[in-house]
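The values are calculated or read from the model by the stated rules, or taken from the named source; none is laboratory data. This one's a predicted model, so the numbers in the text were calculated from it and none came from an experiment. Cβ: placed from backbone, ideal geometry, glycine included. Neighbour counts: every protein chain shown. Surface areas here come from the heavy atoms of the whole protein model, side chains and all, with no ligands, DNA or RNA. Shrake-Rupley method; radii C 1.70, N 1.55, O 1.52, S 1.80 Å.
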Amino acid sequence: MASSVHRSCHRLLALYLRPPPAPARHSFSPHPARLRSFFPAPPGCRLGTHAITLAEPDLVPPEEEDDDDARFIVVTFYKFVPFEDPRAEVASHLHFLQGRDIHGRIYLNEQGINAQYSGPRKDAVAYADWVKKDHRFCDMLVQTSPALTGHAFPRLKLRYKPSLVQLEGGSWHLPLLDPSMRATPLTPSMWKERLEAKACLDVSSSETSGRRLLLLDVRNDYEWDVGHFEGAQRPNVDCFRSTSFGLSGEMENPSDPLDGVDKEKTDILMYCTGGIRCDVYSTILRKKGFRNLYTLEGGVSNYLKAEGPAGWVGNLFVFDGRLSLPPATFRPSEGEEEEERWVGRCYFCGSEVVELRHRNCANIDCNRLYLSCGWCAAELAGCCCSGCKAAPRLRPLLPGHQRYLKWHVYRDADCC
């Protein structure tokens, strides 16, 4: 038995040590507990060979096509390309979206585009297809996921923005347009192989290769709390803007997973929700001398769609009205074995929070995202701490999945 495991690990290590092929394109709290079952997958459908007949255009009922076009989805994509006149590009995009029901955040600047938006499938897909007609975006990865309750964003913000992501000091000065300065992208299947190789390295000695593999979560702490890859350290940041992994210098920093890492003999596997934060931050690490940087192409959302939840525990936090998505959102399945379920902890009392969905602090001047059990939420009136409970500008405690509206709604209600 031991020899069989030993041989299996050596095979995985051989795959891990093999350099990845050149990519075809360069676009690009408390400790939780566990339960025995994974999130229940909603009924899905695996298309068999007989489904090809149903896909014939003349056999699809018109009302079904209309229903599908009307279903709301969330679309995300980004790509680093040079824009000589990004403001003219913004005007062109706004012109195309006139009369289309699109809400979301779409930012353009001299380094490219970053888009997350929702809308009826017909309008949402039409915009992505229009963007891809530009030869600079023809190979861009476009990801979609369902928005079952309608728009996932309150309104459309399509504008020029100096930085495509929020980062201290901005990102305009970073070499984002140089693919060699960004991390090497790994397909979901290649990423899965690396995770399996890491598991072998964790239970055996790495003396054979003399190398180390480190899994780096380039997100925020509250994102990690609802789901992450097993073996990834909880980030000690609550905003990507203040991320400082690998920037400790000669000062020791126990909270920095890259502190003291051998920059030449450590393979760093970086991941985030959709990939753009890793692409941006990898250029910073590259300039700091980290040589072996790899990123999950398309982020966790792309991995869950391609590989399912293998190696992943919990939900995926998303920056829209849905907040938290189970893996089955990206890859519906049925009949598969149930796996372990990730359970978060209430930030206050430490009790289990099975519903992995954050609240915003009722203090509008705080607005912190946090996990809370129902009892603590009621005790603190929807606030994240006793200090916020005494703040002057408080919103009411919201039940269930409701989201806060603009402050004037609650201010004016108090005046009446």
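Computed quantities for the displayed model
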{"read-out": "Efficiency of FRET between MET251 and GLU230 - r from beta-carbon atoms, R0 41 angstrom, step 0.05", "value": "0.85"}
{"read-out": "Inter-label distance for ALA390 and ASP221, nm, one decimal - labels placed 7 Å from Cα along Cα-to-Cβ", "value": "2.3 nm"}
{"read-out": "Cα-based shape type of segment 233-380, given that a ≥ b ≥ c are square roots of the gyration tensor eigenvalues and the cut on a/c is 1.5", "value": "oblate"}
{"read-out": "Added length on full extension, which subtracts the Cα-Cα distance from 0.36 nm per residue, ARG403 to LEU148", "value": "90.3 nm"}
{"read-out": "Rounded if a/c under 1.5, otherwise prolate or oblate - segment 273-318, Cα gyration tensor axes", "value": "prolate"}
{"read-out": "Using a Förster distance of 22 Å, the FRET efficiency for SER180-GLU264 (Cβ separation, nearest 0.05)", "value": "0.85"}
{"read-out": "Cα→Cβ-extended label distance, 7 Å offset, between ASN367 and ALA199, nm", "value": "4.1 nm"}
{"read-out": "Per residue value of the accessible surface for segment 118-206 (all protein chains in place, 1.4 Å probe), Å²", "value": "49 Å²"}
{"read-out": "Residue-normalised accessible area of segment 362-410, expressed per residue, 1.4 Å probe, Å²", "value": "56 Å²"}
{"read-out": "Cα gyration tensor category, rounded, prolate or oblate, for segment 230-290 with a/c compared to 1.5", "value": "rounded"}
{"read-out": "Label-reachable residues, segment 148-170, where backbone N falls under 20 Å from a point 7 Å from ASP68's Cα toward its Cβ", "value": "148-150"}
{"read-out": "Backbone HN-Hα couplings from phi across segment 287-302 [Karplus 6.51/-1.76/1.60, Hz, Gly and Pro as x]", "value": "5, 8, x, 6, 9, 9, 10, 10, 10, 7, 4, x, x, 5, 4, 5"}
{"read-out": "Options THR243, GLY311, GLY274, ranked by Cα towards positive dipole end of segment 234-311, top entry (Cβ charges)", "value": "GLY274"}
{"read-out": "Distance between modelled label sites at HIS135 and HIS173, nm, 7 Å Cα→Cβ extension", "value": "3.5 nm"}
{"read-out": "Gained length - ARG155 relative to GLU379, 0.36 nm times residue gap less alpha-carbon distance", "value": "77.3 nm"}
{"read-out": "Projected area averaged over orientations for segment 99-211, convex hull of C-alpha atoms, nm²", "value": "11.2 nm²"}
